[in-house]
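Colleague: Here it is, the structure, as structure tokens.
Please treat every number below as a calculation from the coordinates, not as lab data. Since this is a predicted model, take the numbers as computed values, not measurements. Neighbour counts are summed over all protein chains in view; Cβ atoms, including those assigned to glycine, are modelled from backbone coordinates with ideal geometry.
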Amino acid sequence: MNDIENRIKKAQSDSAELEQLLSDYLPLLKKQAGAAASPLLDYEDRLSLAMLTFVSCVRQYTENRGSFISFFSVCFHNRINDEIRRKNRYLKSIQPSGFDAAELEAAAGKASLEAYDREQERLSLCEEIDRLSEAIGVYGVVWKDLPRICPKQARAKATCRQLAAAVLLNPEFHAMFFEQKKLPQAQLASALFISPKTIEKHRKYIVTLIILLSGDYPGIRAFLPQYREVIPIEDGNYH
């Protein structure tokens, strides 16, 4: 049983743990709510549904359901669709008698296509998250820890971006990172005149930044536009 499963098991009988779990995963819920755009549901409605679904999933979850995040994502997607269908039924029930049925059908068809596109984007983003989780895991970084390890100050973030750029653009640092699976902390400290303690403090964030910029993660980068400030990424991968 992994850490999240242990926390879920505790949260099923501990309201304080459930509240903390919900708080810790709020960034994920906001991301899911943002991706589930619909003209019938505003962001606040979608976020409320995400939070309610998360709590419900925690209470229902058992190990045989597989990954909790995947379980939640499916349940949230289904709940959003149910809510959209409910609102559509209501709108049809108050439809003016003079409304063109063909127009309604065309609008429904367009909405279905848009919903399909959003679902494909959601699935693509989930696949990216799985790949990134695996890639950073090699360096001892866990996906769920990212909100916690992200620097709070703009200056610290800028320093981390500078360090990530150095690894990607310096052949020696690049080889040490990708071939030896090691962040060249001492070399970076010497080359960039940055405190070794600072590099060690933000090591996991720097590692994630390097992996994110060097790989094919357009969906994740779209949520994190500040990463594009490090170096140009239009030319493709760096390794």
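Colleague: Taking 28 Å as the cut-off for C-alpha to C-alpha distance, list the pairs among Lys31/Lys87; Lys144/Lys197; Lys144/Lys182; Lys9/Lys152; Lys10/Lys182; Lys30/Lys181 that go past it.
Modeller: Numbers: Lys31/Lys87 23 Å; Lys144/Lys197 24 Å; Lys144/Lys182 21 Å; Lys9/Lys152 31 Å; Lys10/Lys182 36 Å; Lys30/Lys181 32 Å.
Check vs 28 Å cut-off fails for Lys9/Lys152; Lys10/Lys182; Lys30/Lys181.
Colleague: Further question on the same structure: Just grab the label-to-label distance for Asp82 and Asp130, each label 7 Å out from Cα along the Cβ direction, in nm (one decimal).
Modeller: Calculated label separation equals 2.5 nm.
Colleague: When a/c is below 1.5 the answer is rounded, else prolate if a/b is larger than b/c, else oblate, so apply that to the stretch 143-229 with a ≥ b ≥ c taken from the square roots of the Cα gyration tensor eigenvalues.
Modeller: oblate
Colleague: Sticking with this one: Using a simple spin-label model with points 7 Å from Cα along the Cα→Cβ vector, what separation in nm is obtained for Ala158 and Gln187?
Modeller: It is 2.7 nm.
Colleague: Follow-up. Between Asp216 and Ser70, how many nm apart are label points set 7 Å from Cα along the C-beta direction?
Modeller: 2.1 nm
Colleague: Please give me the summed charge of the neighbours of Phe54: other residues whose Cβ is under 13 Å from its Cβ, Lys and Arg +1, Asp and Glu -1.
Modeller: Charge balance near Phe54 sits at +4.
Colleague: Apply the Karplus parameterisation 6.51 cos²θ - 1.76 cosθ + 1.60, with θ equal to phi minus 60°, to every residue of the stretch 140-148 and state each ³J(HN,Hα) to the nearest whole Hz, in sequence, with x for glycine and proline.
Modeller: x, 9, 10, 3, 5, 7, 4, x, 6
Colleague: Counting Lys and Arg as +1 and Asp and Glu as -1, what is the net charge of the other residues whose Cβ lies under 10 Å from the Cβ of Cys150?
Modeller: Computed value for this residue: +3.
Colleague: Peptides 206-218, 125-137: what's the order by average Cβ count within 10 Å, highest mean first?
Modeller: 206-218, 125-137
Colleague: Could you tell me the center-to-center distance, by alpha carbons, between the stretch 1-56 and the stretch 133-181 in angstrom?
Modeller: Centre-to-centre (Cα) distance: 27 Å.
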